[in-house]
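Below: the structure, in structure tokens.
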Amino acid sequence: MSDHSISAAEVLAIAKLARLGLPEAELHAAAGKLAGILEHFRALQGVDTTGVEPLVHTLDTPGAPAADVPAPFADARERLLALTPHAREGFLVVPRVLDADFGPEPPA
């Protein structure tokens, strides 16, 4: 690894932006892992790609696109909500991502 290091404070800031609840005890380990990942990207930046054609598609002749035909999906809302235990009053319940308070939450 090189002298590029990541501080625990930087990891904490990144975790906060990503809405990750990273425990204090894991900050230094995460910093080391993140520094290792970034070092791999630095190594890739050093690869000489002169004369290499950009890859447009992994196949020489990509398949024909499927027809874009709408099809009915009966009771889509009910069927999808039945797949999760995290539904309430006909909606999916997701973690709060905004810091704003939009009023009290009803009891579960």
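The values are calculated or read from the model by the stated rules, or taken from the named source; none is laboratory data. Everything numeric in this text was worked out from a predicted model, so none of it was measured. FYI the Cβ positions are ideal-geometry reconstructions off the backbone, even for glycines, and counts take in every protein chain you see.
Assuming Arg96 fulfils every condition listed in (1) surrounded by 11 or more Cβ atoms within 10 Å (Cβ to Cβ); (2) under 20 Å from the mean Cα position of the chain (by Cα) apart from one, which condition is it?
So the condition that Arg96 fails would be (1).
Keeping to region 47-106, report how many residues are part of a loop (DSSP other than H, G, I, E, B), within 30 Å of Gly21 (Cα to Cα) and free of Cβ contacts under 8 Å to residues at least 60 places away in the same chain.
Going through region 47-106 one residue at a time, the tally reaches 19.
Quick check: is even one residue across region 39-59 closer than 24 Å to Val97 by Cα and either modelled with pLDDT under 90 or of a type in the set (Val, Ile, Thr) (or both)?
Just the residues of region 39-59 that are closer than 24 Å to Val97 by Cα, to begin with: none.
Looking for residues that are closer than 24 Å to Val97 by Cα and either modelled with pLDDT under 90 or of a type in the set (Val, Ile, Thr) (or both), one finds none in region 39-59, hence no.
Based on what the data block shows, is Ala35 among the aliphatic types (A, V, I, L, M), loosely packed, with under 13 Cβ neighbours inside 10 Å and part of a helix (DSSP H, G or I)?
So Ala35 fails the test.
Return the total of residues in region 6-31 being free of Cβ contacts under 8 Å to residues at least 40 places away in the same chain, under 18 Å from Arg96 (Cα atoms) and either in contact with a Pro (Cβ under 7 Å, 6 or more places away or on another chain) or surrounded by fewer than 11 Cβ atoms within 10 Å (Cβ to Cβ) (or both).
Matching residues across region 6-31 total 3.
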